[in-house]
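Reviewing the structure listed below.
The values are calculated or read from the model by the stated rules, or taken from the named source; none is laboratory data. Not measured: the values here are computed from a predicted model. Cβ sites come from the backbone with ideal geometry, for glycine too, and all protein chains shown count toward neighbours.
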Amino acid sequence: MAPSPLVREGVGELAGTFVLVVFGTAAVAQMVVSGGDAGDWATLTWGWVAGLIMGIYVAGRLGAGHLNPAVTLAMAVYRGLPWRSVLPYIAAQTLGAFLAALVTRGVYASGIASVDPGLTTASQTIFSTLPNHGIGTAFFDQIVGTALLVFVLFALLATLQGAAGQLLPLMVGFLLLGIGFAWGTNAGYAINPARDFGPRLAQWLTGYDGAWGTADGTPYWWLPIVAPVIGALLGGGLYVLLIERLEVPAALAAPAPAPTPESAEAGAVADPRHPITAVEVVPGDLPSQPSPPPKEASR
């Protein structure tokens with residue numbers, strides 16, 4: 001018995017988010033355990049970018065490839081994703097991120113123990129994010145970063161149609177690269193509730209007692225959930241308001257061609273403003289004259 005579409009899509013979200021987070025957290029771990037000798041901000045950002053690109057390709061084989069609860073919510077609000085899919089997608093994304101963090105935690109366990117035996121915030125950022133300039137700055141930063149993500153993502157989805165859609169994961173990767181290089185220092189550019197909460201839970205279960213807050217004990221786990229959701233809804237809404245409602249469809253922008261003798265004889269003029277989307281043969285279209293005998297089919 002074949003799995004339901006929702007199960008198939010959920011497995012895709014789980015697998016894709018796993019790929020995203022296992023690449024990203026491992027890139028950060030390599031930098032942390034080596035003391036910066038085997039990585040820096042650029043390498044960890046590229047690690048997240050590689051994980052996102054490959055994760056979208058993996059998830060896209062089975063479903064949508066959101067890999068991000070904030071994106072999923074924006075798709076439900078603005079792009080018609082069925083609401084019955086939202087919670088299963090989010091659960092799958094969070095589980096994928098959780099499992100990926102456990103893998104990274106296991107692979108780098110010895111290295112982490114050597115540089116941070118107390119499992120403090122010195123290595124906590126391998127798995128989850130922390131603010132560098134206060135809670136308020138981090139909150140605003142996450143709203144802006146996620147709004148940019150969804151705003152540009154909607155433009156990419158509208159632009160990369162047909163065969164060009166194969167480039168979408170690559171372009172979304174470049175989008176993340178820009179956000180990471182421009183909006184990373186304040187709060188680690190989580191911009192993804194699953195990417196932060198799943199690994200945060202994993203590190204707490206594996207010995208990080210302070211995983212839910214900052215070094216001074218201020219609760220922080222909620223911020224990379226709430227702020228990205230606000231940002232995603234804001235970014236999607238701004239795209240609909242500022243871009244989508246003002247767009248002139250290419251077909252409508254093109255003038256109708258002047259009739260020609262050939263088109264008049266055929267009884268129709270092709271109008272790009274009303275593109276043909278399908279051709280059907282109904283009984284009234286059948287020829288009244290008998291068709292000539294068919295030729296031998298080519299091989």
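Taking ALA92, is it in a helix (DSSP H, G or I), touching an Asp or Glu at 6+ places or on another chain (Cβ under 7 Å) and either under 14 Å from PHE197 (Cβ atoms) or free of Cβ contacts under 8 Å to residues at least 12 places away in the same chain (or both)? Yes; evaluated as a whole, the condition is true for this residue. Hey, among the residues in the stretch 15-49 that are polar (S, T, N, Q) and over 15 Å from the mean Cα position of the chain (by Cα), which one's surrounded by the fewest Cβ atoms within 10 Å (Cβ to Cβ)? Across the stretch 15-49, the extreme among qualifying residues is SER34.
Flag: THR206 does not match the condition of being closer than 22 Å to TRP41 by Cα and in contact (Cβ under 8 Å) with a residue 40 or more places away in the chain. All told, ALA74 falls short of being at pLDDT below 95, assigned to a helix (DSSP H, G or I) and of a type outside the set (Phe, Trp, Tyr).
Being closer than 22 Å to ALA227 by Cβ, among the charged types (D, E, K, R) and not in a loop (DSSP other than H, G, I, E, B) is a property that does not hold for ARG105. Could you please find all residues in the stretch 206-239 being among the β-branched types (Val, Ile, Thr) and over 19 Å from ASN192 (Cβ atoms)? Those that are among the β-branched types (Val, Ile, Thr) and over 19 Å from ASN192 (Cβ atoms): THR206, THR214, THR218.
Restricting LEU81, LEU130 to those that are without any contact (Cβ under 8 Å) to a residue 40 or more places away in the chain, in contact with a helix residue (DSSP H, G or I) (Cβ under 7 Å, 6 or more places away or on another chain), on the phi < 0 side of the Ramachandran plot and part of a loop (DSSP other than H, G, I, E, B) reduces the list to LEU81.
Each residue in the stretch 36-54 was checked for being farther than 23 Å from THR17 by Cβ and touching a helix residue (DSSP H, G or I) at 6+ places or on another chain (Cβ under 7 Å), and 2 of them qualify. For ALA147, the test of being modelled with pLDDT of 95 or more, under 25 Å from VAL240 (Cβ atoms) and not in a helix (DSSP H, G or I) is failed.
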